[in-house]
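Chemist: My questions will all concern the structure given below.
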Amino acid sequence: QVQLVESGGGLVQAGGSLRLSCAASRSIFSINGMGWYRQAPGKQRELVAFIMSDGKTNYADSVKGRFTISRDNAENTVYLQMNSLKPEDTAVYYCNFIIRFRQYWGQGTQVTVSS
């Protein structure tokens, strides 16, 4: 069983930056893609950014130009660099791995952006 461990959330002022990390608990082969979702209170979980095995990335329109997703294949880790944070970015952020077309989720990390 694969577990995903997230880190890097916290409280930051608007305009600040945070970097989220998500590492798998063991070595994994056949990762189809890795990404980040978020869920704000009273809202549905939404895609933030995703990176496929071929390196192609996809971003939500609301974070384009501010967030960057990257990965370390050797460490089975995905990162989300978040710059120019806004109060509307406040949410619980979840990492997501697709391994052999099965989804795995992290436990979530809180990101709070104060105005």
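Chemist: Hey, rough spin-label estimate for residue 54 and residue 75, points 7 angstrom out along Cα→Cβ, what's it come to in nanometres?
Modeler: 2.7 nm
Chemist: Note down the relative contact order for the chain as a percent, whole number, built from C-alpha pairs under 8 angstrom at least six residues apart.
Modeler: Values: 277 pairs, mean separation 42.4, N = 115.
Here the relative contact order equals 37 percent.
Chemist: Give or take rounding to whole Å, what are the principal axis extents of the alpha carbon atoms in region 26-87, in descending order?
Modeler: Taking the Cα atoms of region 26-87, the three principal extents are 36, 24, 17 Å.
Chemist: Rounded to a whole number of µm²/s, how large is the Stokes-Einstein D of the chain at 25 °C and 0.890 mPa s, given Rh as the Kirkwood radius over C-alpha pairs? Kindly include the intermediate steps, with their values, before the conclusion.
Modeler: Numbers: Rh = 14.0 Å.
Using the Kirkwood radius from Cα pairs, D works out to 175 µm²/s.
Values quoted throughout were computed directly from the atomic coordinates according to the rules given, and no laboratory measurement underlies them. Just so we're clear, the structure is a prediction, and the values are computed from it rather than from any experiment. We place every Cβ from the backbone using ideal geometry, glycine too, and count neighbours over all the protein chains shown.
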